Amino acid sequence: MSPLVLDDAGAAIARSGQAYIGGAWIDLCDGEMLPVVNPATGDVVAKVAAGTAADLDRAVAAARAAFPAFAASPVEDRLALLERIHALMLGRAELLAQTLVLEMGATISHARAAHIPLAAAHVQAAIGVLRDYDFLTMRGSTAIVREPIGVCGLITPWNWPLYQIAAKVAPALAAGCAVVLKPSELSPLSAILFAQIVHDAGAPAGVFNLVNGTGAEVGAAMAAHSDIDMISITGSNRAGVLVAQAAAPTVKRVTQELGGKSPNLMLPDTDFDKAVPLGVLSAFRNVGQSCSAPTRMIVPREHLAQVEAIARATVESIIVGQPGDPETMMGPIANHAQYRRVQAMIAVGMEEGARLLCGGPGQPEGLEQGFFVRPTIFSDVTSAMRIAQEEIFGPVLVIIPYDDVDQAVDIANDTIFGLGGHVQGADLTQARAVARRIRTGQVHINHPAWDAHAPFGGYKRSGNGREYGAFGFEEYLEVKSILGFA
């Protein structure tokens, strides 16, 4: 049984300090527990085990022992496993959604509409890729064979906890890898539920393992471990650098998705009445806690006043409140450290001379308990300002005016990051041309539908490698050439 149960109030409670290793829930080497805080109240609602390097050793040993048989398993077996995981995720969707509300303050409406279905969609995408993938192709008499890379250490963040777990675990299992998962210690409860789903789906013992703990302890040990063949991390730039440094002596593969400061470039022919509200809501989705959030709105100077009026009206329509209320559109920041960061950066924007359009420091009226912030927009921002360069990771949008399209592209690219980008415009030919000039791993034109198969990853300091669809799947494969095969 999972070390997670529900009390009569529906709160997720972590039982004894355990990890999921070798197909079973087992006690850890140390009895230390980590608090899980409800960001809507600031109360500790659960405690989870703090794993150690010794616990990681056990998990890696289990994965290493399970890998050969799983790597050789028929594609049909892996497809069936992923289909059972997908079905169980959908069947337990409400439990997962309520857990996300509790552990990271996701609104129940957003958890139900985005966090859970998009996570399940990554499993479905892995199924689709695996079903049609050709692991052996021929070039003349040479065979090109793609094989699972081995044991994978997966490090996932607190802002989209279940989504990022599915985006990594599903393709890794589809490829035939064995995995050890270390979720964020700030939002670990959904990971426990996911581990139980994998167990109930009948994954072979050792193929999937879960060790909770801190980045400094479990994450560092994972990156340096000689029996882990690959690390995939989604997190801060600082965390990604530390993982890469620790992984270097063992020359393991490291894929990183490390954040961004994504531009939303509005061309002069944009339908601003339509595009600006969508841009504001996209920037503030998940309380702005998305690495690809388009938090720099780059607009023609002659339309600045119009954009400001629409943006302000959009913010005034946002309902900030308790995340369990279906009417709430924006809940709290997910944890106290990030709350303090957001407040500090709002103060920086004001000190830098940016014009505060709406929001500002402090908490919304009536929401003084918990980690709630006021949706904030600054205008007359320049690229030299910290609020235009640093990832704030909260509902803070900056509006930057431009005089011509070349300048707009320069502004869009004037950042150390290169994860996501948006282009708005009526002339699709021009929008496509501008999208090609933006130095990011993904660009959205006119707010298209989300695509689970569109490769996602960064240029520059936003990381290395790609996730989602076939590109994400192939990160978990090695390439072997066999000459004289034919």
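Could you tell me whether any residue of the stretch 59-82 is of a type in the set (S, T, N, Q) and surrounded by fewer than 17 Cβ atoms within 10 Å (Cβ to Cβ)? For the stretch 59-82, residues of a type in the set (S, T, N, Q) and surrounded by fewer than 17 Cβ atoms within 10 Å (Cβ to Cβ): present. Remark: GLY349 matches the filter, which requires a residue to be surrounded by 22 or more Cβ atoms within 10 Å (Cβ to Cβ) and either modelled with pLDDT of 95 or more or under 15 Å from PRO395 (Cβ atoms) (or both). Selection of the stretch 326-346 for residues being part of a loop (DSSP other than H, G, I, E, B) and exposed (fewer than 15 other Cβ atoms within 10 Å of the Cβ) yields PRO326, GLU327. Kindly provide the set of residues from the stretch 361-387 that are out of contact with any strand residue (DSSP E or B) (no Cβ under 6 Å at 6 or more places or on another chain) and either closer than 21 Å to ILE416 by Cα or surrounded by 15 or more Cβ atoms within 10 Å (Cβ to Cβ) (or both), ordered by number. Passing the criteria: PRO361, GLN363, LEU367, GLY370, PHE371, PHE372, VAL373, THR382, SER383, ALA384, MET385, ARG386. Candidates THR314, THR270, THR255, THR250: the one that is of a type in the set (S, T, N, Q), modelled with pLDDT of 95 or more and touching a helix residue (DSSP H, G or I) at 6+ places or on another chain (Cβ under 6 Å) is THR314.
Criterion applied to LEU162, LEU95, LEU136, LEU118 was being more than 21 Å from ASP229 (Cα to Cα), surrounded by fewer than 23 Cβ atoms within 10 Å (Cβ to Cβ) and within 13 Å of the chain's Cα centre (by Cα), and the one residue passing it is LEU118.
Restricting attention to the stretch 165-179, report how many residues are within 30 Å of PRO332 (Cα to Cα) and more than 16 Å from the chain's Cα centre (by Cα). Give the derivation first.
Step one: filter the stretch 165-179 for residues within 30 Å of PRO332 (Cα to Cα), giving 165-170.
Pick out the ones that are also more than 16 Å from the chain's Cα centre (by Cα) and you get none.
Of the residues in the stretch 165-179, 0 are within 30 Å of PRO332 (Cα to Cα) and more than 16 Å from the chain's Cα centre (by Cα).
Total residues in the stretch 23-34 satisfying the condition of being of a type in the set (Asp, Glu) and over 28 Å from the mean Cα position of the chain (by Cα): the figure is 2.
Residues are listed down the side, and each one gets a yes or a no for (1) within 23 Å of the chain's Cα centre (by Cα); (2) of a type in the set (Asp, Glu); (3) farther than 30 Å from PHE372 by Cα:
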site	(1), (2), (3)
VAL36	yes, no, no
VAL44	no, no, no
ALA50	yes, no, no
ALA59	no, no, yes
ALA62	no, no, yes
PHE67	no, no, yes
LEU79	no, no, yes
MET89	yes, no, no
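Rundown of residues vs (1) touching a helix residue (DSSP H, G or I) at 6+ places or on another chain (Cβ under 6 Å); (2) among the aliphatic types (A, V, I, L, M); (3) buried (at least 18 other Cβ atoms within 10 Å of the Cβ); (4) in contact (Cβ under 8 Å) with a residue 24 or more places away in the chain, yes/no style:
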| position | (1), (2), (3), (4) |
| --- | --- |
| ASP227 | yes, no, no, yes |
| ILE233 | yes, yes, yes, yes |
| ALA246 | yes, yes, yes, yes |
| LYS261 | no, no, yes, yes |
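Given the criterion surrounded by fewer than 20 Cβ atoms within 10 Å (Cβ to Cβ) and either in contact (Cβ under 8 Å) with a residue 60 or more places away in the chain or not in a helix (DSSP H, G or I) (or both), identify the matching residue among ALA470, ALA433. Working first, answer last.
On the way: ALA433 fails: either in contact (Cβ under 8 Å) with a residue 60 or more places away in the chain or not in a helix (DSSP H, G or I) (or both).
Of the residues listed, the single one that is surrounded by fewer than 20 Cβ atoms within 10 Å (Cβ to Cβ) and either in contact (Cβ under 8 Å) with a residue 60 or more places away in the chain or not in a helix (DSSP H, G or I) (or both) is ALA470.
The values are calculated or read from the model by the stated rules, or taken from the named source; none is laboratory data. Since this is a predicted model, take the numbers as computed values, not measurements. Heads up, the Cβs are rebuilt from the backbone with ideal geometry, glycines too, and the neighbour counts pull from every protein chain shown.
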